[in-house]
Every structure is written in structure tokens, then in C-alpha cells.
Amino acid sequence: MFEEASEVFENMLKSSFPLTFIVFLPAVLILVSPLPAEAAHEFTVYRMQQYDLQGQPYGTRNAILNTEARSVDAEVLSRRCVIMRLLDFSYEKYQKALRQSAGAVVIILPQNMSTMPQDIVQQFMEMEPELLATETIVPVYFALEDEELLSIYKQTHTTSSSQGSASAAEVLLHTATANGFQMVTSGAQSKAVSDWAITSLEGRLAGEGGEDLPTIVLVAHYDSFGVAPWLSYGADSNGSGVSLLLELARLFSRLYNYKRTRAGYNLLFFVSGGGKFNYQGTKRWLEDNLDHTDSSLLQDNVAFVLCLDTLGSGGSLHLHVSKPPKEGSPQHTLLKELETVVSEQYSDVRFSMVHKKINLADDTLAWEHERFGIRRLPAFTLSHLDSHRSALRSTIMDVRSVSALEGEGEVRDGPHVELRTLSRNTKIIAEALARVIYNLTEKGAPADLQIFTEQMQVQEEQLSSMVDWLTAQPRAAQLVDKDSSVVSTLEYHLGRYLKDVKKHYVKADKRDPEFVFYDQLKQTMNAYRVKPAIFDLLLAVCIAAYLGVMYLAVQHFGLLYSVVRRVTQPRTKQH
Amino acid sequence: MTLFHFGNCFALAYFPYFITYKCSGLSEYNAFWRCVQAGATYLFVQLCKMLFLATFFPTWEGGAGVYDFVGEFMKATVDLADLLGLHLVMSRNAGKGEYKIMVAAMGWATAELVMSRCIPLWVGARGIEFDWKYIQMSFDSNISLVHYIAMAAVVWMFTRYDLPKSFRLPVTVLLGLCVYKAFLMELFVHVFVLGSWTSLLVKAVLTGAISLCSLFLFITLVHSN
């Protein structure tokens, strides 16, 4: 039976096996061949900013990367992917890489920024605007450090630094043992995002007593900015401002709940988007309110506009104005009240007014109040920063770090949010505002009167949870679309305290866009282990030698055979 | 890594087979089709083995890192079918012992090479990523050629009617070693936590020892009468 079966089998194969072999195998091979190989390491990379503002391109213009990795010490960098760690990153090295026409730059950042030495953080923060200031042709990526990535970096570093110094034999040995890495991104080329809508939110508290009440506008922009959108969490700038604004909304909504405590001022709260892109949200909001509608709170009697920007740390408060307020104006009153509150209740806080004229020749406006100033609305910005050029306002280092959470009173130079400072600032602003809207000084109230105490006090937990939530995800303007959770949660919180909460969208003009964003900001990068071409040749020589030895061994198998025979023969004779 | 690397691996894997075929004089016997038939039998036997394994051996669902000793042993026992298959091939061919052994082993090993290493090499060694495992795989194929020649020889000796009584035991032991070699290797690697290069070396040494033993027995048997 077995015989029969195998005969049938044999006949079948005899006729058809070569055919199937010839047809089937190549087909399988072709089908299977484009499968991607498993990567040695796969990690997420965050691309540097890419945007156009008023027709001016900024950031990197490229997203595709497929080159071999080198560290910056290597002699030849052209068309190589230069990888650097934050620890040994410097602007000169970055420039050197770009000058040598490197194919790409990957900067490895530590998982926890707060572990970095402060001078390096400071240095990097100051470099960020410079990296973005000019357009870069090659892709620039940021990656968060992990063990694998660190080992890749180290291997690349040893490979790169040993070049050119060793002898030929050493180099040969090195090619066999060392690994090169081919860095490949999976995404497509970056392209402009069309019809991107920046969302801003407004809400109001209506005052009591008469038709034409003056309005106080409180403004904070919610978006964050840094060298890489996906890494910009913007804790201090401007998570602190937004959480402060929401806390003010909560406090004043309690006062405005009762007719008796309602003041003779309307309060208009505005959370603006696109604040880091020349205050696009504010600009459109003003246009909508002033040019297109007939009746709006902004059109009639605006007492002043107070912008909140970066208020989460530091021992000082600065009121930035474009022109010094005139005596007797509501603006001047607020300034005086702020001074009173600070001097009477918080004497350790340094308060000052900073005067800077609007420079229309600049590419970007310095502070948000200048948007209002251009439209002839009395406005100022309150911030703990003394200059709009501070690197703090546009850095990826501005994260809510663990040490700030503990609030142990340690002194940190880097950007962070101190809850105590934030709630103190909230208290100062709230008290001063209350003194303005209830006209307390004129009514003869004592200077150290505290309104927001006990039931009405500033809730630190509330502020803390707001800051935590705001810094839980990157809020770069390119990432917050109109359906994102940031917008909907902000809307929910405003809706809890305020009336008439509305969303405003800004879309760039199709013909002559004021701002253009680009996609592919977050990608997966693969590092493939590769060997240089010389290694292949070396391997080929070795294999050829091995095969030669094999050939000789098989050819002279008879020798072994006869040796074994000679060994075994005498024993068999003894049988 | 590149097509060149694939070429390297391919040469390393295939040339020893070619050399063996040419130098063992099989080409002079026009044994090509006989080898192909042996390969076809290999395919048939593997299919049967797979069906059997799939039917009777449920997938091991133990925790990761736990070595299922009994299960693996039972699976290795199924490799006894290889012996039957080799015997089947050799019984179909008439001729001298060496010729039968070589045809069966060559066909068998080549079929295994084509079926189980060709595609991984094509897919893997051509990719961007460099890994030593393709070179190791090619070396491994050289080892398995030696292994199958030894195994075929042992099977041939075992099935001879004129096998002296004193030979019965060593031949049976060798047969068992041949069948359970893969299992033993796995056990070795598991127990001593060997690296890939060391385990390859151990495999080479083990295979060398088995084949040397079977060469001894073979020569003694052939030249004793």
C-alpha cells in the first residue's frame, strides 16, 4: 500500500513539480519581498515647528528622513542624520551640522526636564527662538530619551569619534563589531493644513444698574508654544493665566449671582486662541465685535482690558502698558488699586508699571494688550515677566514639573508654576478688581480690606487642578482644533460660571493667509541597525574562504574515510 | 541589509550543498531527479507531521518562560516520522549503500533548506536592518546537511538485515540521538541560557560527534564483511 501511494505521489510530482516550482516560488517571493524588516528600535519623534506667519516661513521645512546616524563629532556630516543629546547641545554645534549640510538633526531630550542642570535648561530656552527664527531646510526632530535610544546614541558616538584616528586594522575590526544606524521616519512629507480653525471662547457676567454700563474685559490666551508643538505644554505661559482667569470667573460669578452684590460693571471674559501666533484669535474677535456687529459690549463703554499672561511664578508683578494711563481713567484706578493691594497686603511683592510703545514695524506684537491698543481700547497686560522677549514665553521647558507640585519653597530658575504664587496673584488681581468695580476706595473702605476670604477665598485646589489639566496635554495652536478636548473642557468651565458662552473661530484667508500650519508634527522613527558596505565585502571574503575550506574538506573526505577505516580495521579483525 | 548581504547568506547556505552534490559523485549517477523525489517525500512527511501535531497537540498555554518539558519531548517524538520518510526514500532507490544514503540525505536536506530558510533569508537579509541571525541561519543549514547525512546513514544501517547483534545497540542509540537532537539542543539552550553563537557552536559539535560516530559504525559495518 505504501509502495502504491508513493508511486502515485512520485508520478504526480514528476509531471508537475518542476512547473509548480518554477511558477510558484518566484510568485511567493515577489509577494513576500516588500515586507518591512523589524526595526531595532522604534520611537516617537516630535518635529520642530513649521509655520508661516504673515507670509514669512519659520522652522523646519522638511519631514522626511532616511539617513545614517552620526554624532556631531564625526568628520563628515553631509547627508547624515546628526543626533545630539540636550546635555551636549549647543547652537554652534547645531549650526556646524547645518553648515556641513547634514541630512537631519535629531535632538534627544531627557524624559524629565527637571533633572537637567539649570544652566543647560536656560541655555536651551534662549536658543529655542533662534532655532525657529530662520527656516531650516532639513528636518529637525526631538525625541525623548529611553534606554534603547541612549544606547543607539552611545554606539553612534563611539563610531563617529573613532573615525580617522585608528589604524587600518582597527577600522576593519571596528566595521565588523560596531553598528551603524539608519534612521527612517514613516510619515509622508509635511504639507500645509488647509482651513485650520483657531478657537477662542468668550463669556460674560452682566452688571446691575442702568443700560450703558462700563465693561471690564479679562483676557488670557490658552495656547502654548515651544520649539516642537507636541512638546509645548506651556504651564506658566499661559496655563497660569488661563487658570487664573477661570478662578476669577468663578469668584466673580458668585458675587454676580445675587442682585445685591452685582456691581455696576459688565465683566467680559475672553480665552483667546492663537496667542502665540500674533494673537490671531484676539484680532478676529475684535474685528467681529467692532466692525461687523451693531451692538457689542466692546463697542460701547469699555473701562479697560486686562490681559493675563504668565503669572505662575516669580516674586514680582509687572503691569505692561502701551501708554501710561491718564489720571481719573478706570485704567488709572486699577493701577492705583493694584498698588494699594500689593503694598497693604502683599508687601513682599514687587509691583511696577512697564511702559512700552506699540511698534507696528515689528513682525509680531509684544503683548496681547497691544491688539486692543491698536483698536483704541484701553488695555494692559499683567505678568511676572518684565519683558515680552523672555524665553519663558516660548519654550518646551515650560512644563509642570514634580518639584513644583510639592511646593517645597525651593528656588528654581527654570520655568515652572508655583501654586502659592499663582493663588497669591489671583488674590491680588481679584481684590484690586473688586475694589475697582465696587468703588471701594471712594467709599472709604480701609486699604487692607479683604473681600475674598472664607467662603469666597481663592481655592488653591481649583487652581491646581486647572493647571494640571491644562498641562496634561500639549496645547500648541496646531494641535488644538475646534473639537479638541481642550476647547470643550474650557467651554464647560466657562459655562459653569458665565453667561452667553460663545466660540469664535479664526480661519486664515485662502488667498493671503496670515498664518499657515503644517502637519506631520509627530512621527514614528525607526532606527535600523546597518553595516557599512566594506563590511559586506569583508564578509564575502570570509565566506569565500570558508567555502574554499569546505570544498577541500569534501574533496578530501576520502582521507578521513581511510583514516577511520585504518583505525577500525584492526578491531574488526579481532572479532 | 542589501542584496549583496543576501547574496552572502545565500552563498553560505547553498554552496556547501552544491559542493557536496558535485564532489560526492552523485552528479555522475544522474541522481538529480532522485534527490528531487526525496525532497518531495520530505514535503509529504512534513505535511503529515504538521497535521498530526495540529490534531493531537493542543497549543501550550503555560506562562511565558516556562519550559514545557513533556510537551516538547512528545513533539520531538513525532520527528520519528522523518526516519520513516528517509527509509521510504532509501527503499525506493536501488544501489549501493553510500549512494542511497547520499541521495536521501541530499534531497531531504535541500528540501528543508528551500522550504524553511529560503524565504526568511530573502525577506530578512535583504531588509535594511542588519542582523547576524541570517549568517547564523546559513551556518545552521550547513550543519543540518551533515546531520541528515549522518541520520540517513544510521537509518540505512538500522534497516539492514545483516546488522550484527553487537551493532544493534549503538545504532539505536544514534538513531535516538538523531531524532531528539533538536529537543536536546533546545533543552541545552534553555538550561544553560546560551547565546546564539554558542548554541550554534554546541550544535555543530554535537552534530559532528554524532556523524563521526555513525561514520565509524558505517565503515566498520561496510568493511567487516
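No lab work stands behind these numbers, since they all come straight from the coordinates. In this text the structure is predicted, and so the values were computed from the model without any measurement. Neighbour counts are summed over all protein chains in view; Cβ atoms, including those assigned to glycine, are modelled from backbone coordinates with ideal geometry.
May I ask you to derive the relative contact order of chain A, considering only C-alpha pairs under 8 Å and at least 6 residues apart, and to give it as an integer percent?
23
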Handout entry: Distance histogram for the range A:64-138 (every C-alpha pair counted, 5 angstrom bins, percent rounded to whole numbers)
Key = 3, 15, 26, 23, 18, 11, 3
Handout entry: For the protein assembly as shown, Kirkwood radius (reciprocal of mean inverse C-alpha pair distance, Å)
Key = 32.9
Handout entry: Centre separation in Å (Cα based) which lies between the range A:428-459 and the range A:215-267
Key = 18
Exercise for the section: With only Lys, Arg, Asp and Glu charged, each at its Cβ (+1 for the first two, -1 for the last two), find how big the charge dipole of chain A is about the Cα centre; round to the nearest 20 debye. Expected result: 940
Practice task
Assuming R0 = 30 Å, can you tell me the calculated FRET efficiency for the pair B:F69 and B:M115, based on Cβ-Cβ distance, to the nearest 0.05?
Solution key: 0.60
Exercise for the section: Quick one: what are the phi-derived ³J(HN,Hα) couplings along the range A:376-391, Karplus 6.51/-1.76/1.60 with θ = phi - 60°, whole Hz, x for glycine and proline? Expected result: 6, 9, x, 8, 8, 10, 10, 7, 8, 7, 9, 9, 6, 7, 3, 5
Handout entry: chain B: C-alpha pair distances exceeding 29 Å, %
Key = 31
Practice task
Straight distance only, please: which aspartates and glutamates reach the Cα of A:K191 with their own Cα at less than 18 Å, same-chain residues fewer than 8 apart left out?
Solution key: A:D52, A:E135, A:D481, A:D509, A:D512, A:E514, A:D519
Handout entry: Given charges at Cβ of Lys, Arg, Asp, Glu: the range B:111-225 dipole, positive-most of B:L184, B:M157, B:F139
Key = B:M157
Exercise for the section: With a bin width of 10 angstrom, please list the P(r) values of the range A:368-519 as percents of all Cα-Cα pairs, from the 0 bin to the one holding the largest distance. Expected result: 8, 24, 38, 23, 6, 1
Practice task
Please compute P(r) over all alpha-carbon pairs of the range A:102-248, binned at 10 Å starting from zero, and give each bin as a whole-number percent.
Solution key: 7, 23, 26, 19, 11, 7, 3, 2, 1, 0
Exercise for the section: Can you find, among A:S78, A:L53, A:P229, the residue farthest towards the positive end of the dipole of chain A? Put +1 on the C-beta of Lys and Arg, -1 on that of Asp and Glu. Expected result: A:S78
Problem - Built amide H within the under 5 Å cut-off of A:S224, gap 5+ - result: A:R475, A:A476, A:A477
Practice task
Give me the percent of Cα-Cα pairs in the range A:406-496 that sit more than 21 Å apart, rounded to a whole number.
Solution key: 52
Practice task
Provide the convex hull volume over Cα atoms per residue for the range A:504-563, in Å³.
Solution key: 195
Completion exercise
Taking the protein assembly as shown and counting helices only, DSSP H stretches of n ≥ 4 at -39,500 (n - 2.57) each over all residues, the nearest-500 ellipticity at 222 nm comes to -16500 deg cm²/dmol
Handout entry: Relative compactness, the range A:238-308, computed as alpha-carbon Rg over 2.2 N^0.38 Å
Key = 1.25
Practice task
Compute the convex hull volume of the Cα atoms of the range B:1-57, divide it by the residue count, and report the result per residue in Å³ as a whole number.
Solution key: 129
Exercise for the section: Normalise the Debye intensity by I(0) for the range A:261-386, one equal point scatterer per Cα, no solvent, then take log10 at q = 0.18, 0.22 Å⁻¹ and round to two decimals. Expected result: -1.08, -1.46
Problem - Reference-scaled alpha-carbon Rg (2.2 N^0.38 Å with N residues) for the range A:318-396 - result: 1.18
Problem - Principal axis dimensions, largest first and in whole angstrom, of the range B:82-151 by Cα - result: 48, 17, 16
Practice task
Can you spot the lysines whose alpha carbon is less than 23 Å from A:K503's alpha carbon? Ignore those fewer than 8 places along the same chain.
Solution key: A:K276, A:K283, A:K482
Practice task
Express the C-alpha Rg of the range A:95-175 as a ratio against the empirical globular expectation 2.2 N^0.38 Å, rounded to two decimals.
Solution key: 1.38
Handout entry: Phi-based couplings in Hz for the range A:526-538 (Karplus 6.51, -1.76, 1.60; Gly and Pro marked x)
Key = 10, 10, 9, 6, 10, 10, x, 4, 5, 5, 4, 5, 4
Handout entry: Partner aspartates and glutamates for A:K326 [C-alpha distance under 15 Å; skip if fewer than 8 residues away on the same chain]
Key = A:E337
Problem - Values of log10 I(q)/I(0), in the order q = 0.14, 0.15, 0.27 Å⁻¹, for the range A:204-268 under a Debye, Cα-only, solvent-free model - result: -0.52, -0.57, -1.08
Completion exercise
In order over the range A:124-138: 3J(HN,Hα) from phi, Karplus 6.51/-1.76/1.60, θ = phi - 60°, whole Hz, x for each Gly or Pro, gives 5, 4, 6, 7, 3, x, 5, 4, 8, 4, 10, 7, 10, 6, 7
Exercise for the section: Give A:K96/A:K154; B:K100/B:K133; A:K356/A:K443 a once-over and call out the pairs whose C-alpha atoms are over 29 Å from each other. Expected result: B:K100/B:K133; A:K356/A:K443
Handout entry: Area projected by the alpha carbon convex hull of the range B:35-168, averaged over all directions, nm²
Key = 10.9
Completion exercise
Rounded to whole angstrom, the alpha-carbon centroid of the range B:91-157 lies from that of the range B:173-188 at a distance of 17
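I want the antiparallel fraction of DSSP beta bridges within chain A, as a percent rounded to 5.
The antiparallel proportion sits near 55 percent.
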